[in-house]
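Scroll down for the structure; my scribbles are underneath it.
Rule-based calculations on the coordinates, nothing more; no lab input. Quick caveat: nothing in here was measured; it's all calculated off a predicted structure. For neighbour counting, all protein chains shown are included, and Cβ atoms are generated from backbone atoms with ideal geometry for every residue, glycine included.
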Amino acid sequence: AQKVTQAQTEISVVEKEDVTLDCVYETRDTTYYLFWYKQPPSGELVFLIRRNSFDEQNEISGRYSWNFQKSTSSFNFTITASQVVDSAVYFCALSEALRGGADGLTFGKGTHLIIQP
Amino acid sequence: DGGITQSPKYLFRKEGQNVTLSCEQNLNHDAMYWYRQDPGQGLRLIYYSQIVNDFQKGDIAEGYSVSREKKESFPLTVTSAQKNPTAFYLCASRLTGVGGGNQPQHFGDGTRLSIL
């Protein structure tokens, strides 16, 4: 069975600090997809990034970067120079390739990120 | 604008009552999903549908029912059998087909259901 673990329940940092959100996953599938979503206080989930299991390149998008390491089954998310608007709950999620991943996503429990001014 | 519309935003259920949450999408996505979110928890899959007139149970389907009569619509009914329905419900949709597993799910704004 697949599983996603986000061990950090809540993180609080002061604005402009860098912060890393951890994500560890378990799957028996050799092909899978990893995602990060942001949930602001309003409640909707905003898609941030997806990563294929066969693409281990790290990715940077502005102040956001993602470090994917298959050897440790981790897909960590770093925010550089954090801002108050980054305050939200962040979810890591996994989709297996079986049946095109149409079975839905397996989510971690989320990390509540608080950026203090 | 293309997107997913969930209604109502807030819903109250009386004991023994069935209630239906609406989810409509105009993204032309084949697959649709319902998730439940409890405080401090991640999202858990209730039901999903890959095509019209077909749907499958997710991890926590007991006490819920769905229908998929149209591609655009995937309503969720919370029945009286669901003893703890208070939660935040999110609907999502996704492209399928070649490389479908790589496609992100797009989410609606959610419905908050409470017991009176």
key: Contact order normalised by residue count of chain B, Cα under 8 Å, 6+ apart, percent   = 35 percent
key: Potential lengthening between residue B:84 and residue B:5 on full extension [0.36 nm per residue; Cα-Cα distance subtracted]   = 26.0 nm
note = Charge tally for neighbours of residue A:79 with beta carbon under 14 Å away, counting Lys, Arg as +1 and Asp, Glu as -1, is -3
request  = Excluding residues on the same chain fewer than 8 positions from residue A:70, give the lysines whose Cα lies under 25 Å from its Cα.
outcome  = A:3, A:38, A:109
key: Difference of contour (0.36 nm per residue) and Cα-Cα distance, residue A:83 to residue A:14   = 24.0 nm
ask   = In straight Cα distance, which aspartates and glutamates are under 20 Å from residue B:70, not counting same-chain residues fewer than 8 positions off?
value = A:103, B:1, B:24, B:30, B:54
query = segment B:65-94: which trypsin sites (Lys or Arg not before Pro) are DSSP loop and have at most 11 other beta-carbon atoms within 10 angstrom?
reply = B:83
